[in-house]
1. On the Cα set of the chain, report Rg and Dmax in Å, please.
2. If one takes the longest principal axis of the Cα atoms in the chain, at what angle in degrees, from 0 to 90 and to the nearest 10, does the Cα axis of helix 11-23 lie?
3. Roughly what would the spin-label model give for residue 107 and residue 11, points 7 Å off Cα along C-beta, in nm?
4. Given the range 42-109, report the % of alpha carbon pairs whose separation exceeds 21 Å.
5. Calculated from DSSP H runs of 4 or more alone, at -39500 (n - 2.57) each and per residue, what is the 222 nm mean residue ellipticity of the chain, nearest 500?
6. Full extension from residue 90 to residue 69: what is 0.36 nm times the residue separation minus their Cα-Cα distance, to one decimal in nm?
7. Ranked from highest to lowest mean number of other Cβ atoms within 10 Å per residue, what is the order of the peptides 45-58, 66-79?
8. What is the helix-to-structure angle for 35-45, meaning the angle in degrees between its Cα long axis and the longest Cα principal axis of the chain, kept from 0 to 90 and rounded to the nearest 10?
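Readers should treat all values here as calculations from the given coordinates under stated rules, not as data from a laboratory. For clarity, every value in this text was computed on a predicted model and none was experimentally measured. Every residue, glycine among them, receives a Cβ derived from its backbone with ideal geometry; neighbour counts consider all protein chains shown.
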């Protein structure tokens, strides 16, 4: 089971992402409310991937992404933000994010993004019993 670190300043969004991911067979390694906490949790928990909001207080998602990638060049970070943040999403890809999801997102988009970075298909999830 792949462990995911969920990073968003809004507790309700973290809860929604947590529910979506656990329902689809992912384990939540931990949560963080900004980019600074994200790096600390990343070092401590060593997750398989990170979902990271872009707009957050203290240290935003772009800076958090840069710091995680500087610490671990192989880090798998999926950025999350609103449609009006498209430029920031593109910037995050240049800094090493592996994908992005635009809010409001469908469950399937979030799940397929993570499955794709791990090389899993929908069929793999069904055969492993994680599909709901």
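1. Using the Cα atoms of the chain, the pair Rg, Dmax is 13.5, 42 Å.
2. 30
3. 2.4
4. Details: 422 of 2278 pairs.
Considering the range 42-109, 19 percent of its Cα-Cα pairs are separated by more than 21 Å.
5. Values: 6 runs with 61 residues, N = 132.
That calculation yields -13500 deg cm²/dmol at 222 nm.
6. Between residue 90 and residue 69, full extension yields 6.0 nm more.
7. Working: 45-58: 20.6, 66-79: 17.4.
Packing proxy ranking, top to bottom: 45-58, 66-79.
8. Approximately 50 degrees, to the nearest ten.
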